[in-house]
Amino acid sequence: MFAQPRPHSSTFFTTLGHIYVSSFLGNFEFSLDGKGRVALPSAFMRGKAADSFVLLQWRVPALTLLPPPVWEEVRGRLREYRRSSPKAWAHARRITAAAIEVSPDSQRRILIPTKHQVMASLDDAVLILGVDDRIELWNPALYEAEDQVADESFDDFAEDIFG
């Protein structure tokens, strides 16, 4: 399922338990084609980190692609959360009912179903963000608006992480 890192590889890997997960970095803008497909950046496919991803929306308005080991970790947390309270079932159901598995084709394209395109307000351009162990898909205008809000607290965050 996942390639083991090679000492001479330029692909970054992080560990999740004993499984290696690519670290996805950077931002790229691609267009949806007429069939609702978007290409993933070649940098995200180096070393063939994943043959498939789970596509879901856990935070409006972005879609998220999770490699299988990350999805398994999230699934475990969902199960624990579900067991903790009756209303947690509805939350877990909302996330998992709309989740689907997608696999890149030979040209690195994944199909984003119409339902998911609508959920994320994707029409033509798709901003693809590497966010460490996952990939986010955004409408560029919505991301810009979200990024402006995040700017207000970014300095404090950066100081906590890098300072």
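The values are calculated or read from the model by the stated rules, or taken from the named source; none is laboratory data. Note that this is a predicted model, so its numbers are computed, not measured. Here the Cβ is made from the backbone with ideal geometry for all residues, glycine too, and neighbour counts use every protein chain on show.
Take the conditions (1) surrounded by 11 or more Cβ atoms within 10 Å (Cβ to Cβ); (2) touching a residue at least 40 places away in the same chain (Cβ under 8 Å); Asp124 misses just one of them, which is (1). Being within 30 Å of Gly34 (Cβ to Cβ) and among the basic types (Lys, Arg), is that true of even one residue in region 134-145? Among the residues of region 134-145, at least one is within 30 Å of Gly34 (Cβ to Cβ) and among the basic types (Lys, Arg), which makes the answer yes. Applying the criterion of at least 1 residues that are more than 23 Å from Glu29 (Cβ to Cβ) and modelled with pLDDT of 90 or more to the helices (runs of 4 or more DSSP H) found wholly in region 44-131 leaves 68-84, 88-97.
Scanning region 78-99 for residues that are basic (Lys, Arg) and touching a helix residue (DSSP H, G or I) at 6+ places or on another chain (Cβ under 6 Å) turns up just one, Arg82.
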